[in-house]
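*Asks:* My structure is below; once you've seen it, I'll send some questions.
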Amino acid sequence: MTNKLRNSALLAQRILVLEEDYFQADILAQDLEAAGAQVMGPVPSVDAALRLLAEQDRPDLALLDVALTGTSLLPVIKVLAAQDVPLVLTSSWRREQLPGEYAHVPLYPKPISLHELTKMFEAERSIA
């Protein structure tokens, strides 16, 4: 991990990671921590994410895996929207393969690029 990312917009930011694949979640969490972020989770399910959101302070950003087995992300998306938390969907799916209710949420391909994630988060912060 470069010092450039270590000094990026992710530094000291609380990032919720919802990813059911243990290995992908672990790699993403390690990359985020190396960039200076504070990882919430990672958690493998919607229920676990909702518990985490109820028990801990609001995240600064959320990364949600679209392809959770048989589960809708809408409950988590609604809580995050109510807390005004920027969120990103991560998936190997194309936009047109996603359910329509996710149309407004940014989609990043897996594996997620920390450089692209940093640029997106910086853009979100400049709008707020």
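*Asks:* For the condition in contact (Cβ under 8 Å) with a residue 60 or more places away in the chain, over 23 Å from Glu122 (Cβ atoms) and not aromatic (Phe, Trp, Tyr), what is the one hit in Gln24, Gln97? Can you show your working first?
*Replies:* On the way: Gln97 fails: in contact (Cβ under 8 Å) with a residue 60 or more places away in the chain.
The conditions single out Gln24.
*Asks:* Quick check: is even one residue across region 21-30 of a type in the set (Phe, Trp, Tyr) and modelled with pLDDT under 85?
*Replies:* No: region 21-30 contains no residue that is of a type in the set (Phe, Trp, Tyr) and modelled with pLDDT under 85.
*Asks:* Turning to a different aspect of this structure: If the requirement is being part of a strand (DSSP E or B) and either under 11 Å from the mean Cα position of the chain (by Cα) or closer than 22 Å to Glu101 by Cα (or both), which of these qualifies: Leu50, Leu32, Leu16?
*Replies:* Values: Leu50 fails: part of a strand (DSSP E or B); Leu32 fails: part of a strand (DSSP E or B).
Being part of a strand (DSSP E or B) and either under 11 Å from the mean Cα position of the chain (by Cα) or closer than 22 Å to Glu101 by Cα (or both) holds for just one of Leu50, Leu32, Leu16, which is Leu16.
*Asks:* Within region 59-101, can you find the residues that are among the hydroxyl-bearing types (Ser, Thr, Tyr) and either within 12 Å of the chain's Cα centre (by Cα) or modelled with pLDDT of 80 or more (or both)?
*Replies:* Of region 59-101, the ones among the hydroxyl-bearing types (Ser, Thr, Tyr) are 69, 71-72, 90-92.
Of everything in region 59-101, those that are among the hydroxyl-bearing types (Ser, Thr, Tyr) and either within 12 Å of the chain's Cα centre (by Cα) or modelled with pLDDT of 80 or more (or both) turn out to be Thr71, Ser72, Thr90, Ser91, Ser92.
*Asks:* Taking Leu50 as the residue in question, decide whether it is out of contact with any Leu (no Cβ under 6 Å at 6 or more places or on another chain), touching a residue at least 24 places away in the same chain (Cβ under 8 Å), among the hydrophobic types (A, V, I, L, M, F, W, C) and more than 18 Å from Ile15 (Cβ to Cβ).
*Replies:* So Leu50 does not fit the description; no.
*Asks:* May I ask you to list pairs of residues, at least six apart or on different chains, whose Cβ atoms are under 6 Å apart, with the first in region 111-128 being farther than 13 Å from Val85 by Cα and the second being assigned to a helix (DSSP H, G or I) and modelled with pLDDT of 75 or more?
*Replies:* Every condition considered, the pairs that remain are Leu114/Asp31.
*Asks:* For the subset of region 76-128 comprising residues that are touching a strand residue (DSSP E or B) at 6+ places or on another chain (Cβ under 9 Å) and of a type in the set (Gly, Ala, Ser), which member is surrounded by the fewest Cβ atoms within 10 Å (Cβ to Cβ)?
*Replies:* Per the stated criteria, the residue is Ser92.
*Asks:* Quick check on my filter: what residues within region 43-82 are in contact with a helix residue (DSSP H, G or I) (Cβ under 9 Å, 6 or more places away or on another chain) and hydroxyl-bearing (Ser, Thr, Tyr)?
*Replies:* Within region 43-82, Thr71, Ser72 meet the criteria.
The values are calculated or read from the model by the stated rules, or taken from the named source; none is laboratory data. What you see is a predicted model, and the numbers here were worked out from it, not measured in a lab. All Cβ positions, even for glycine, are placed from backbone atoms using ideal geometry, and neighbour counts span all protein chains on display.
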